[in-house]
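A short worksheet on the structure shown next.
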Amino acid sequence: MLIERIVKLQRANARKTEKLDFMEEHTRQLVAELQKKTRIVQNYIMREQAGALSPASMDQNKVRYTVNIIRTFVKML
């Protein structure tokens, strides 16, 4: 009876150890994914801040460029 209890506890311990290993690996993967996304957001913010420093004429050029692309696309239809 005592041996059965020990075996049962060892199995429970093995299951919990496996679950802990899984959770640790999953956490590492989530942290890596979060770090990648953080870098993406930081790069985006840096570009946006740099774009905020550009003169208004650059914004007008972007609008003209976009309008020309849209017109070209519409002509293709």
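Find out how many positive minus negative residues lie around residue 14, taking Lys and Arg as positive, Asp and Glu as negative, among other residues whose Cβ is under 14 Å from that of residue 14.
Local net charge: +3.
Within straight cross-link reach of residue 8, meaning Cα distance under 16 Å, which aspartates and glutamates are found once same-chain residues fewer than 8 apart are removed?
18
If each residue of separation counts as 0.36 nm, what is the full-extension length gain between residue 8 and residue 61 once their alpha-carbon separation is subtracted?
11.7 nm
Can you list the aspartates and glutamates whose alpha carbon is less than 17 Å from that of residue 37, not counting same-chain residues fewer than 8 positions off?
Residue 37 reaches 48.
Excluding residue 41 itself, what net charge comes from residues whose Cβ is under 14 Å from its Cβ, given Lys and Arg +1 and Asp and Glu -1?
+2
Taken together, the values in this text are just the output of simple stated rules run on the coordinates, not laboratory data. Just so you know, these numbers come straight off a predicted model, no measurement behind them. Methodologically, a virtual Cβ is constructed for each residue, glycine included, from the backbone with ideal geometry; neighbour enumeration extends over all protein chains shown.
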